[in-house]
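Notes for the one structure printed next.
Coordinate-derived values only; no laboratory data. Bear in mind that the values here come from a model prediction, so they are computed numbers and not experimental data. As a convention, Cβ positions derive from the backbone with ideal geometry for all residues, glycine included, and neighbour counts pool all protein chains shown.
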Amino acid sequence: MCRSIKTLRPPTTPEVTDEDIRAAALQYVRKVSGFRAPAAHNREVFDQAVDAVAAATQELLDGLQIRGSAARPHTHP
């Protein structure tokens, strides 16, 4: 599923930006909903889902412990 979502954890992706996380969340919500761009009446719930998936992704990445890597804090702009 969601072949266009790239792996965001180190060392595969050493520097992960908020834009990377948002793009992955957007691709996931598009795939699950079946909408590339939702109609106006679905826009709010679509955007809320993207925000929730992005937040969950950030939480996951922040909590992962990668063997052989020094912990890297994620900095938010």
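Quick notes
- Among the GluC sites (Glu not before Pro) in segment 1-70, those located in a DSSP loop and surrounded by at most 10 other Cβ atoms within 10 Å of their own Cβ are E15.
- Over segment 13-60, all Cα pairs binned in 10 Å intervals from 0 give whole-percent P(r) values of 28, 51, 19, 3, listed from short to long.
- Pair E19, S33: separation of 7 Å Cα→Cβ label points (nm): 2.2
- Relative to the current alpha-carbon distance between A56 and T7, full extension at 0.36 nm per residue lengthens the span by 16.2 nm.
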